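Input: a single structure, listed below in structure tokens.
Where a number appears in this text, it was derived from the coordinates with a stated rule and is not lab data. Note that the structure is predicted; figures quoted are calculated from it, not measured. Cβ placement follows ideal geometry from the backbone for every residue including glycine, while neighbour counts extend to all protein chains displayed.
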Amino acid sequence: MNAPYPWLAATWRQLLATRGRPAQALLLAGPRGVGKGALAQAWAQTLLCETPRDGGEACGACPACHWFEAGTHPDYLHLTLQEKTTKEGDTRLATAIEVEQARAAVDFVQLSTYRAGRRVVRIEPADALNLASANALLKVLEEPPLNTVFVLVSDQPRRLLPTIRSRCARLDIGLPTVETASHWLRGQNLEIDAGTVLALSGAPLDAVRWIESGEWETRRELLEQLARPAELDPVGLGERWKTLPPRLWHGVAYKWLADVLAVRLRGQVRFNLDFAAALDRLGGRADLAKLLALTRQQSEEGRVLEHPLNRVLQMQAWLVRYRHVFD
Ligand SMILES: [Zn+2]
């Protein structure tokens, strides 16, 4: 079994070298979209494999590997956010890992193992542990039962309780080099411009997520409208865009404004490379004071990414202000 992604090869070798005496609580930390989850998964399989290869990698053929790959290994637990059904019948992810889940994990590690080998608990996203669930896990993290390995995964390790962080050996995973990331992206047939993805986020797996979730298509639709401010219809668009997830809208709008500003001030597009021609036109026409004011407002709204009370009105007001930047 190779590293899950080419840019993780060195980290993977580093982990494999510890297979004989693995850290009992390991924290994989780093930005979203670099493959930490896949690395945790591969590491868990490697630890549970009953006939590992000479280099320590999982064999992919023993019963433990089969169960693991089928998601039924009895000595593996993935502690994560649960899906919940709202009153309206929608399915949403819980915002925290609940204390009942943490207590179940504590019970799990105190049983004897089914396969008389190791036992692995993966906690992801570890920053979703709330105070109660983190406290429930503290003791077993401090003194894990024999042969038990915890693997915590987090995009925001600073949000972990210091008491949890201090009990973990930490492995930081950074963004791949532009070269490695674009080479990989070009091999994925994603119909997405590698240069644009890397300018927008730097994390190659974000591209996969954007395509699969439809966010990439939504972004394109939004930007095609914003690229033609004179033809914008704030009333109609406000209505049409009211259901956009706030985080998606904010991210797209903020980086777009930042680009208009970058072109206005320095003649350079930073994020939306695939819209460079439109941005070049807009940057030259933008009223600097109005643009700065709108960018500042957008940046402040980014701190509160909840659905406002009247989304339609807010969206319409934003679009009117945006149009005025280019009067
Ligand atoms: Zn195996």
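Tabulated results
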item: At most 13 other Cβ within 10 Å, DSSP loop - trypsin sites (Lys or Arg not before Pro), the stretch 88-179; result: none
item: Over the chain, equivalent-ellipsoid semi-axes from the Cα gyration tensor in Å; result: 44, 23, 17
item: DSSP-assigned coil residues among GluC sites (Glu not before Pro) in the stretch 216-308, each with at most 10 further Cβ atoms within 10 Å; result: E306
item: Alpha-carbon radius of gyration plus Dmax, which is the widest Cα pair, for the stretch 50-90 in Å; result: 16.5, 53
item: A70 paired with A9, simple spin-label distance in nm, labels 7 Å along Cα-to-beta-carbon; result: 3.4
item: Assigned charges on the beta-carbon of Lys, Arg, Asp, Glu; the stretch 6-174 dipole about Cα centre (debye); result: 400
item: For the stretch 36-183, share of DSSP beta bridges that run antiparallel, in % to the nearest 5; result: 25
item: Antiparallel bridge percentage (DSSP; both residues within the chain; nearest 5); result: 15
item: Theoretical gain in end-to-end length, D327 to L81 [0.36 nm per residue, Cα-Cα removed]; result: 83.9 nm
item: Linear extension gain, N310 paired with R19, 0.36 nm per residue minus alpha-carbon span; result: 99.3 nm
item: Filter on K36/K290; K36/K255; K87/K139; K36/K242; K84/K139 - keep pairs with C-alpha separation over 30 Å; result: K36/K290; K87/K139; K36/K242
item: Trypsin sites (Lys or Arg not before Pro) restricted to DSSP loop in the stretch 212-270 with at most 15 other C-beta within 10 Å; result: R270
item: P(r) of the stretch 6-174 over all Cα-Cα pairs, binned every 10 Å from zero, in whole percent; result: 10, 39, 37, 13, 2, 0
item: Inter-site label distance for R53 and A132 at 7 Å from Cα along Cβ, in nm; result: 4.6
item: Charge dipole (debye, nearest 20) of the stretch 214-325; +1 at Cβ of Lys and Arg, -1 at Cβ of Asp and Glu; result: 320
item: Separation of the Q297 and N189 label points, Cα + 7 Å toward Cβ, nm; result: 4.6
item: Helix-only [θ]222 nm of the chain, DSSP H runs n ≥ 4, -39500 (n - 2.57) each, per residue, nearest 500; result: -15000 deg cm²/dmol
